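The values are calculated or read from the model by the stated rules, or taken from the named source; none is laboratory data. Model, not experiment: these values are computed from the prediction. We place every Cβ from the backbone using ideal geometry, glycine too, and count neighbours over all the protein chains shown. Calculation scope for accessible area: heavy atoms of the full protein, side chains included, ligands and nucleic acids excluded. Shrake-Rupley method; radii C 1.70, N 1.55, O 1.52, S 1.80 Å.
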Amino acid sequence: MHSQPLTLLNNLDVDVAIIGAGPAGTIAASLLHQQGKRVVVLEKQHFPRFSIGESLLPCCMQFIEQAGMLEAVEQAGFQFKNGAAFRYQDKYTTFDFTDKFTPGPGTTFQVQRAQFDKVLADTAAKQGVTIHYGHTVNQVDLTAEPVLYVSDERNQAYQINAKFILDASGFGRVLPRLLDLEKPSNLPSRSAIFTHIEDNISDPAFDRNKILISVHPQHKDIWYWLIPFSNNRCSMGVVGEPHLLKYLEGTLAQQLLTIVNQEPGLKRLLANANIVQECATLKGYSANVSTLATDKFALLGNAGEFLDPVFSSGVTIAMQSATMAVDSLLKQLDGQLIDWQQDYAEPLMKGVNTFRTYVQAWYDGRFQDVIFYQQANPQIKQMICSILAGYAWDETNPFVAESERRLNTIIALCSTTVA
Ligand code: FAD
């Protein structure tokens, strides 16, 4: 509750009001500003601020470049990333993202999001985008042209009249809450426990250029991430359904260490590691909505649907949605009639649903069998690699165009050969 009395500031008129200055919000703001649109970004926190989601996919580099932010990101000193490594018991396999089916960037970065999101936001601001930090969107009125009701930290309130709202509020999910758009996810509720460590890894075979996904030796639906940063630290976390993690005791740090030590590969690798950040937990983060967009608003990134962290697709989906929504919005602002379902929601969901197929098959174990299959056909591996690199909208890739059917064919092939 605010203790100070509410004071009213002057109203603001813009073309587009954007809620949230995470990757979805700043990419959208920059692209709109490039086209001469009057944009304002409202961000309730101050940057730098912690965010989860530290392993990027190469596909998102295209959006960063389009937004004129590539140089700033490349110069920020983040850890180079060229692929993903997976380990289950004695099996270890890697995907090199430069060896993929879809053209486009094959490398990216592993980033501390506090710093990364600030680089994007500061670059957008340098380009001329207005970002108001410490400003919270509390209410909207969509009966006529959109109106946003905003307050700052001194409890000063004002209204923004906008032609359109982009909701990039991430897990804040501002419009889904205010407009009653929330829908339960069709994925089971899972929990994550995570922290940053000073890793002190001495194993010369450890590849810092890749995220390492390890599978629990007894429970194939519990998995761990290890994301090396450029400062001898790593992000480390574990994901599982709550009933599989509920036997863990003690503080979050003790729970995390107990479960990490159950995976012998991680236990060995991290024998000298120290936790350097307070452990945190997130539960039931998968989310869905009944409507992604109308002629007055569009939901971007996590404000729309969030699937699962296993393939590090969150930031890529956030930026992809920003780019797609801006394309449609520019046409609408130019007076064209846009069918937001057909022009935005459906094309966006094609890629999201591709990820969904592979996420579901990861947890039921089928996709893990494909990943750890040792005699993979190189062309098929390239097609799967494209999806792991984020190119889930490339319908020339048969594993995108017919993801379920192709996946089932390859699963059958792996199991016949294994048997
Ligand atoms: P965010 O980055 O969350 O930004 C939203 C912003 O909106 C915030 O700054 C917030 O302060 C602001 N906001 C909220 N409410 C309001 C309001 N009322 N008014 C004004 N501002 C507001 N993704 C990856 O790509 N790689 C990974 O390795 C990865 N790992 C993950 C691990 C876990 C356990 C989880 C749960 C997710 C992971 N993700 C990962 C997903 C990733 O965190 C998100 O997809 C990504 O941050 C979404 O970006 P965004 O721009 O939509 O939202």
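Taken together, the residues in segment 262-280 that are over 12 Å from Ser235 (Cβ atoms) and touching a helix residue (DSSP H, G or I) at 6+ places or on another chain (Cβ under 6 Å) amount to 1. Being touching a residue at least 60 places away in the same chain (Cβ under 8 Å) and either within 25 Å of Lys91 (Cβ to Cβ) or not aliphatic (A, V, I, L, M) (or both) is not true of Ala376.
State whether the residues of segment 146-169 include one that is more than 11 Å from the ligand (Cβ to nearest atom), touching a helix residue (DSSP H, G or I) at 6+ places or on another chain (Cβ under 8 Å) and open to solvent by 60 Å² or more (accessible area, probe 1.4 Å). Within segment 146-169 (the criterion being more than 11 Å from the ligand (Cβ to nearest atom), touching a helix residue (DSSP H, G or I) at 6+ places or on another chain (Cβ under 8 Å) and open to solvent by 60 Å² or more (accessible area, probe 1.4 Å)), the answer is yes, since at least one residue qualifies. Taken over segment 345-374, the criterion of being hydroxyl-bearing (Ser, Thr, Tyr) and touching a Ser or Thr at 6+ places or on another chain (Cβ under 9 Å) is satisfied by Thr354, Thr357, Tyr358, Tyr373.
Against the test of being over 26 Å from Gly20 (Cβ atoms), of a type in the set (A, V, I, L, M, F, W, C) and touching a Leu at 6+ places or on another chain (Cβ under 7 Å), the options Ala376, Ala361 yield a single qualifying residue, Ala361. With the condition kept exactly as written, say whether any residue in segment 271-282 is under 24 Å from Asp180 (Cα atoms) and of a type in the set (Val, Ile, Thr). Looking for residues that are under 24 Å from Asp180 (Cα atoms) and of a type in the set (Val, Ile, Thr), one finds none in segment 271-282, hence no. Filtering segment 219-230 to residues that are at pLDDT below 95 and within 12 Å of the ligand (Cβ to nearest atom) leaves nothing. Exactly one residue out of Leu307, Leu299, Leu292 is crowded, with 20+ Cβ neighbours inside 10 Å, within 10 Å of the ligand (Cβ to nearest atom), farther than 25 Å from Phe109 by Cα and within 19 Å of the chain's Cα centre (by Cα), and it is Leu299. The strands (runs of 3 or more DSSP E) found entirely in segment 196-302 that carry 3 or more residues being of a type in the set (Gly, Ala, Ser) are 233-240. If only one of Gly53, Gly77 is near the ligand (Cβ under 9 Å from one of its atoms) and within 21 Å of Arg208 (Cβ to Cβ), which one is it? Going through Gly53, Gly77 in turn, the sole match is Gly53.
Taken over segment 105-124, the criterion of being out of contact with any Pro (no Cβ under 9 Å at 6 or more places or on another chain), assigned to a helix (DSSP H, G or I) and more than 10 Å from the ligand (Cβ to nearest atom) is satisfied by Val119, Asp122, Thr123, Ala124.
For (1) within 16 Å of the ligand (Cβ to nearest atom); (2) without any contact (Cβ under 8 Å) to a residue 24 or more places away in the chain; (3) not acidic (Asp, Glu), each residue gets a yes or a no:
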position: Asn186; (1), (2), (3): no, no, yes
position: Ser191; (1), (2), (3): yes, no, yes
position: Phe194; (1), (2), (3): yes, no, yes
position: Asp203; (1), (2), (3): no, no, no
position: Arg208; (1), (2), (3): yes, no, yes
position: Pro217; (1), (2), (3): no, no, yes
